[in-house]
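J.: The structure under discussion is supplied below as structure tokens; questions concerning it will follow.
The values are calculated or read from the model by the stated rules, or taken from the named source; none is laboratory data. Predicted model, so just to flag it, every value in this text is computed and none were measured. When we count neighbours, we look across all protein chains shown, and the Cβ atoms used for this are built from the backbone with ideal geometry, even at glycine.
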Amino acid sequence: MNWNLCRVAVVALVAVSALGIERVQQRPEWQRGRAALDKRFVRDEFRIHYTLAGKDALTVEDQRDTDGDGVPDKIQNLALQLVTARRCYVEVLELRHPFDSPRYKGRVKFVDVNVWALPNSNGMAGDAIVNYHRDNDPPEGVEVLTIDLSSKLTARNLSPAHELFHVFQNGYTLFKTPWYYEGVARWSEDLLRAGAGEAGELPASVADLEKLFRLSYGASRFWQALARATDTTGKVRMPENLRGVQYIGSDKPIIEDDVFYGARFLKALFEELDRQDDVASREGKLNPLDWPEARQRAAENNRYIWNAVVAACRRFPSDSPQMRKMLELAVSR
């Protein structure tokens with residue numbers, strides 16, 4: 001054995017390792033934890049990053065690898081949910097893929113999914129294009145969108161699909177006002193969950209609207225009511241090769257049934273929101289593809305979002321007195 005060569009190899013390995021650590025430490029603080037995730041599994045447009053060591057590591061139980069391919073079942077199940085959800089959004093709801101939107105087209109080809117410790121959240125989705133310059137990326141790096149997911153999620157938790165739906169929302173509109181952003185995303189979970197969520201009452205007064213605008217996830221009951229008003233059948237056509245997809249270690253399908261109210265209305269809503277944020281951009285002298293985060297979530301967006309709701313509803317004539325009364329409501333601010 002050539003000990004000199006061995007020493008050179010060890011020194012080189014230590015140097016490379018030190019260089020990797022230095023690169024991580026030189027990043028902005030918000031990037032460091034994500035860039036330090038040293039394992040990667042790629043499925044279609046999803047690059048899933050995770051680790052088996054340190055504070056962000058998968059638990060020993062979650063490192064189970066039934067098929068022995070080197071990728072934990074948990075990570076493969078996460079990929080299965082993301083691909084299934086994306087196919088539902090594109091093939092069933094007929095939504096535009098975010099990568100084909102004016103905001104992201106020609107720049108983004110991947111969603112980086114970071115699986116790590118999130119003490120106060122199941123997940124979150126970013127709308128900004130980011131280049132993490134990960135150690136296993138090419139020298140120029142890769143421009144991506146970001147989803148963060150808690151390493152504690154179980155396979156049937158729908159947070160991955162929920163956060164991916166936010167990415168689709170971001171591809172259509174810059175509005176993130178919670179009653180729309182979180183309410184509609186919660187409604188979308190019905191695509192994978194059995195049955196349909198609870199519907200509430202449609203607003204009948206400006207006071208009702210003001211209450212609605214203060215909601216977040218709870219606004220899903222309003223969107224469920226609209227979905228039923230515009231779609232009395234509540235059935236969608238699932239591709240046959242999606243119906244039987246199962247998580248590893250489960251005999252239960254990922255998509256539990258074909259019940260979903262308001263599929264056509266949801267697409268119409270997104271198209272109208274796409275138009276309304278252009279109006280808001282012109283009136284507010286904002287970049288139509290990039291608003292400050294605070295403005296994306298601001299209450300001043302309510303008027304534009306409501307205009308989109310009304311325009312989308314008018315595409316679906318209804319005999320409902322509640323619907324007619326709701327459409328007469330105007331939002332002045």
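J.: Suppose we keep only residues that are polar (S, T, N, Q) and either assigned to a helix (DSSP H, G or I) or modelled with pLDDT of 95 or more (or both) within the range 45-70. Which one would you say is nearest to PHE110 (Cα to Cα)? First the steps, then the outcome.
T.: Filtering the range 45-70 down to residues polar (S, T, N, Q) leaves 51, 59, 63, 66.
So of that shortlist, the ones also either assigned to a helix (DSSP H, G or I) or modelled with pLDDT of 95 or more (or both) come out as 51, 59, 63.
Numbers: THR51: 19, THR59: 27, GLN63: 24 Å.
Among residues in the range 45-70 that are polar (S, T, N, Q) and either assigned to a helix (DSSP H, G or I) or modelled with pLDDT of 95 or more (or both), the one nearest to PHE110 (Cα to Cα) is THR51.
Yes/no matrix, rows are residues, columns are (1) closer than 28 Å to PRO178 by Cα; (2) outside the structural domain of LEU164 (by TED's automatic domain parsing); (3) not charged (D, E, K, R):
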| position | (1), (2), (3) |
| --- | --- |
| ARG47 | yes, no, no |
| VAL60 | no, no, yes |
| GLN63 | no, no, yes |
| ASP135 | no, no, no |
| PRO139 | no, no, yes |
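J.: Right, something else. Right, LEU174: within 19 Å of LEU269 (Cα to Cα), crowded, with 20+ Cβ neighbours inside 10 Å and touching a residue at least 40 places away in the same chain (Cβ under 8 Å) or not?
T.: Values: within 19 Å of LEU269 (Cα to Cα): yes; crowded, with 20+ Cβ neighbours inside 10 Å: yes; touching a residue at least 40 places away in the same chain (Cβ under 8 Å): yes.
Spelling it out, LEU174 is indeed within 19 Å of LEU269 (Cα to Cα), crowded, with 20+ Cβ neighbours inside 10 Å and touching a residue at least 40 places away in the same chain (Cβ under 8 Å).
J.: Also, quick follow-up: Considering only residues that are of a type in the set (A, V, I, L, M, F, W, C), assigned to a loop (DSSP other than H, G, I, E, B) and either touching an Asp or Glu at 6+ places or on another chain (Cβ under 7 Å) or at pLDDT below 95 (or both), which ones fall in the range 71-109?
T.: VAL71, VAL108, listed by residue number.
J.: Given the options GLY244, GLY284, GLY262, GLY234, name the one that is more than 24 Å from the chain's Cα centre (by Cα) and small (Gly, Ala, Ser).
T.: On the way: GLY244 fails: more than 24 Å from the chain's Cα centre (by Cα); GLY262 fails: more than 24 Å from the chain's Cα centre (by Cα); GLY234 fails: more than 24 Å from the chain's Cα centre (by Cα).
On inspection, the qualifying residue turns out to be GLY284.
J.: Anything in the range 211-236 that is touching a Phe, Trp or Tyr at 6+ places or on another chain (Cβ under 6 Å), of a type outside the set (D, E, K, R) and more than 14 Å from SER188 (Cα to Cα)? List them, or say none.
T.: LEU212, PHE213, LEU215, THR230, listed by residue number.
J.: May I ask you to verify whether LEU266 is closer than 22 Å to PHE165 by Cβ and in contact with a Lys or Arg (Cβ under 6 Å, 6 or more places away or on another chain)?
T.: Values: closer than 22 Å to PHE165 by Cβ: yes; in contact with a Lys or Arg (Cβ under 6 Å, 6 or more places away or on another chain): no.
Judged against the criteria, LEU266 is not a match.
J.: Kindly indicate whether GLU210 is surrounded by fewer than 20 Cβ atoms within 10 Å (Cβ to Cβ), without any contact (Cβ under 8 Å) to a residue 12 or more places away in the chain and among the acidic types (Asp, Glu). Before the answer, list the steps.
T.: Working: surrounded by fewer than 20 Cβ atoms within 10 Å (Cβ to Cβ): yes; without any contact (Cβ under 8 Å) to a residue 12 or more places away in the chain: yes; among the acidic types (Asp, Glu): yes.
In short, yes.
J.: Still on this structure: Does GLY106 fit the bill of being of a type in the set (Gly, Ala, Ser), assigned by TED's automatic domain parsing to the domain that holds ASP62 and farther than 23 Å from ARG32 by Cα? Let's see the steps before the verdict.
T.: On the way: of a type in the set (Gly, Ala, Ser): yes; assigned by TED's automatic domain parsing to the domain that holds ASP62: yes; farther than 23 Å from ARG32 by Cα: yes.
Yes.
J.: Go through the residues of the range 141-153 one by one and say whether even a single one is part of a helix (DSSP H, G or I) and either outside the structural domain of ARG243 (by TED's automatic domain parsing) or free of Cβ contacts under 8 Å to residues at least 12 places away in the same chain (or both).
T.: Taking the range 141-153 first, the residues part of a helix (DSSP H, G or I) are none.
Checking the range 141-153: not a single residue is part of a helix (DSSP H, G or I) and either outside the structural domain of ARG243 (by TED's automatic domain parsing) or free of Cβ contacts under 8 Å to residues at least 12 places away in the same chain (or both).
J.: If you check every pair at least six apart or on different chains, which have Cβ atoms under 7 Å apart with a residue in the range 312-333 that is outside the structural domain of VAL206 (by TED's automatic domain parsing) first and a residue that is exposed (fewer than 10 other Cβ atoms within 10 Å of the Cβ) and modelled with pLDDT under 90 second?
T.: Pairs that qualify, where the first residue is outside the structural domain of VAL206 (by TED's automatic domain parsing) and the partner is exposed (fewer than 10 other Cβ atoms within 10 Å of the Cβ) and modelled with pLDDT under 90: there are none.
J.: Working only within the range 274-333, note down all residues that are surrounded by fewer than 16 Cβ atoms within 10 Å (Cβ to Cβ) and among the aromatic types (Phe, Trp, Tyr).
T.: Passing the criteria: only PHE316.
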